[in-house]
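*Asks:* First the structure, then my questions, so here it is.
No lab work stands behind these numbers, since they all come straight from the coordinates. These figures come from a predicted structure and were not determined experimentally. Don't worry about glycine lacking a Cβ; one is built from the backbone with ideal geometry, like all the others, and counts go over all protein chains shown.
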Amino acid sequence: MSDILIRELLSEDSIPELTDLLHAAYSPMIERGVHFFAATQTEAHTQERIRRAYLTYLGLEGDRMIATISLYKAVPDHRCAQYRTAWWFGQFAVRPDRQRTGIGTKLIELVEQRAKQGGASMLALDTAEHARDLIAYYEKRGFTFAQFQQWPDVRHRSVILCKAL
């Protein structure tokens with residue numbers, strides 16, 4: 001991890017490269033039959049999701065983007081009940097060749113800290129209900145099941161997991 005720089009996304013950072021990172025990180029899930037929106041989202045979608053975020057972090061190894069996460073504030077009229085009161089994170093991705101190195105855990109710890117600093121008392125996320133390994137990963141970090149959610153852009157049902165901050 002010592003050779004990895006974590007910093008906030010800058011306006012001059014490459015959206016095409018970030019979109020490629022998301023595609024690379026989520027493509028193994030497609031092979032397992034679970035289609036996350038980020039697996040095939042367009043550069044315009046990446047840009048829009050970043051625009052709505054409170055902040056986005058990048059993990060860089062040299063000048064190569066290897067990880068990312070976006071943090072969102074609660075939205076009172078959100079379609080997901082948990083996201084009306086809790087802050088949440090999304091577009092969380094680590095390149096497959098850099099997974100299990102600790103970078104993902106570090107990114108989650110950073111968004112937990114920033115959400116807490118911003119006044120959040122709860123942090124949430126969603127993932128596919130069939131992504132048992134991801135659910136276990138989040139549960140090891142203190143997240144617990146809150147509800148099911150069906151998003152319009154994917155066929156699978158998602159689970160919303162929450163953690164008190």
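*Asks:* Starting from 0 in steps of 5 Å, tell me what percent of the Cα-Cα pairs of the chain lands in each bin.
*Replies:* Histogram of Cα-Cα distances, whole percents per bin: 2, 9, 18, 23, 23, 17, 7, 1, 0.
*Asks:* Using 0.36 nm per residue, how much length does the chain from GLU109 to ARG7 gain when fully extended, once their Cα-Cα distance is taken away? Before the final figure, lay out each step's value.
*Replies:* Values: separation 102, 0.36 × 102 = 36.72 nm, distance 1.33 nm.
Here the segment from GLU109 to ARG7 would lengthen by 35.4 nm.
*Asks:* What does the charge count near ASP133 come to, summing +1 for each Lys or Arg and -1 for each Asp or Glu among other residues with Cβ under 15 Å from its Cβ?
*Replies:* Residues near ASP133 contribute +2 overall.
*Asks:* State, to one decimal in nm, how far the label point of VAL154 lies from the label point of ARG84, with both points 7 Å from Cα in the Cβ direction.
*Replies:* 2.2
*Asks:* Taking only Cα atoms of the stretch 1-65, what ratio of Rg to Rh do you get with Rh as the Kirkwood inverse-distance radius?
*Replies:* In the stretch 1-65, Rg relative to Rh is 0.99.
*Asks:* Kindly provide log₁₀ I(q)/I(0) values, in the same order as q = 0.19, 0.25 Å⁻¹, from the Debye equation applied to equal alpha-carbon scatterers of the stretch 71-165.
*Replies:* For the stretch 71-165 at q = 0.19, 0.25 Å⁻¹, log10 I(q)/I(0) is -0.93, -1.46.
*Asks:* Let me ask something else about it. So how much slack lies between ARG100 and PHE145, counting 0.36 nm per residue of separation and subtracting their Cα-Cα distance, in nm?
*Replies:* Between ARG100 and PHE145, full extension yields 13.9 nm more.
*Asks:* Quick check on the chain: of the DSSP beta bridges with both residues there, what percent are antiparallel, nearest 5%?
*Replies:* Roughly 95 percent of the beta bridges in the chain run antiparallel, per DSSP.
*Asks:* Which whole-number percentage describes the relative contact order of the chain, with Cα contacts under 8 Å and a sequence gap of 6 or more?
*Replies:* 20
*Asks:* Right, another one. Which order, highest average first, do 44-50, 65-71, 34-40 follow once you tally other Cβ atoms within 10 Å for each residue and take the mean per peptide?
*Replies:* 65-71, 34-40, 44-50
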